1. Can you tell me the Rg and the Dmax, both Å, for the Cα atoms in the stretch 22-176?
2. With N residues in the stretch 73-141, what two-decimal value do you get for its Cα radius of gyration over 2.2 N^0.38 Å?
3. If each Cα of the stretch 108-155 is one equal point scatterer, what is log10 of I(q)/I(0) from the Debye formula at q = 0.15, 0.16 Å⁻¹?
4. Given labels modelled 7 Å from the Cα in the Cβ direction, how far is it in nm from Leu102 to Ala52?
5. Kindly identify the stretch 20-61 as rounded, prolate or oblate by the Cα gyration tensor criterion: order the square roots of the eigenvalues as a ≥ b ≥ c, call it rounded if a/c is under 1.5, otherwise compare a/b with b/c, prolate if a/b is larger, else oblate.
6. How much length would be gained if the chain were fully extended between Leu145 and Glu74, taking 0.36 nm per residue of separation minus their Cα-Cα distance, in nm to one decimal?
Amino acid sequence: MGLWQHAFALLPTVLLAAQAALAGVPETADAARFPVYHKLGPDLAASGQPTAEGLAELKALGFRTVVNLRTEAEGAAAERAVVQGQGLVYVNVPITHEGFALADVEAVQKVIEDKAAGPVLLHCASSNRVGAVWAVVQAQQGRSLEEALAAGREAGLQSPVMVDAVRRVVAGLVAKAPPAAKP
């Protein structure tokens, strides 16, 4: 096959990737490859642990950055190689319910608010920790605790221990908030 034939053979793949990048994150994704997938914003999607096939197609789906909330013991290092091998940015913010803190949320926010990073896939094993992070983000944006928890549940928050961790972190936000101005 000649050079031009190779170029034309690759054209559909290049166009698909360009279209995906311009369109932001996909509205939906194959649940077998991206469990508990949710589009949280134009350039942000959440998921449970993508399969090997799902990880291999991240670039073709238009993602530029992957934020993994799993710990090293859960396989974060192996994922790093797959993601970076596609030329994507990989960020690991390991979260556990015991150690979940505002600093974790701020590290994730730094990435998801960076326009150059998007589209971003934010994931953990089941999307439970993703939902916890998303709930705290929502609380920081002025939603009530119950509204923030509801948004977190939509993004995958499910375990009582992570709900308690969210409550703890949000309570810390409230304690740090400056007092309201008196009229």
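1. Rg, Dmax (Cα atoms, Å): 14.5, 44.
2. Numbers: Rg = 12.4 Å, N = 69, 2.2 N^0.38 = 11.0 Å.
That works out to 1.13 for the stretch 73-141.
3. -0.39, -0.44
4. 4.3 nm
5. oblate
6. Result for the pair: 22.6 nm of gain on full extension.
Only the coordinates and a few stated rules stand behind these numbers; no lab work does. Note that the structure is a prediction, hence the values are computed from the model and not measured. Neighbour counts are summed over all protein chains in view; Cβ atoms, including those assigned to glycine, are modelled from backbone coordinates with ideal geometry.
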